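For reference, the structure is listed below as structure tokens.
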Ligand SMILES: Cc1cc2nc3c(=O)[nH]c(=O)nc-3n(C[C@H](O)[C@H](O)[C@H](O)COP(=O)(O)O)c2cc1C
């Protein structure tokens, strides 16, 4: 293994393969776009940020339709998906216009749509946004939520390992 700085194309390739090799939990984040209303997308870039205050971090591509809702909205919801929700992950990773008409969801606080049957749901108040490259890191303080007795959906090497 070389310790020299790789050239840029190699760095991108090795980055993609290394990150594809990182097993991740999968979440759907939902938010409220100031103009178009409820929005939502699948993410694996979700992590615990701190316990004091209880906070999560999620990284959002500026090309997504959920970007404004996530970076400008006051609140967002995180749904950690359970093993039987790979189709939901695919739906929210797609560009269809009627995501919320194609899945079971309810009206939550602050105008957020909440996805049914998730492993865990967190209601977060957006508190910090930092832009870097073509993404924004969004930190939200957890204000409420619930956890169910379910198994997680895992994404590894471009495949979901959950049950259909
Ligand atoms: C497994 C998986 C994980 C993803 N993780 C992220 C992520 O962390 N951040 C991101 O911006 N997009 C991520 N995406 C891509 C978005 O889900 C995708 O761009 C989606 O179409 C955005 O929807 P929207 O444009 O309606 O907001 C992921 C896609 C998949 C399949």
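A few points about this structure:
- Residue pairs whose Cβ atoms lie under 7 Å apart, separated by 6 or more positions or on different chains, with the first residue in the stretch 52-74 and touching a residue at least 24 places away in the same chain (Cβ under 8 Å) and the second assigned to a loop (DSSP other than H, G, I, E, B) and crowded, with 17+ Cβ neighbours inside 10 Å, are 60/66.
- Residues (under 16 Å from the mean Cα position of the chain (by Cα) and either part of a loop (DSSP other than H, G, I, E, B) or at pLDDT below 95 (or both)) located in the stretch 135-157: 153
- Single match in 67, 75, 49 (criterion: near the ligand (Cβ under 9 Å from one of its atoms) and touching a strand residue (DSSP E or B) at 6+ places or on another chain (Cβ under 7 Å)): 67
- Residues of the stretch 82-114 classified as within 13 Å of the chain's Cα centre (by Cα) and more than 10 Å from the ligand (Cβ to nearest atom), total: 1
- Of the helices (runs of 4 or more DSSP H) that lie entirely inside the stretch 1-100, those containing 3 or more residues that are over 25 Å from residue 157 (Cα atoms) and at pLDDT 95 or above span 67-72.
The values are calculated or read from the model by the stated rules, or taken from the named source; none is laboratory data. What you see is a predicted model, and the numbers here were worked out from it, not measured in a lab. Here Cβ is always computed from backbone atoms with ideal geometry, including for glycine, and neighbour counts include all displayed protein chains.
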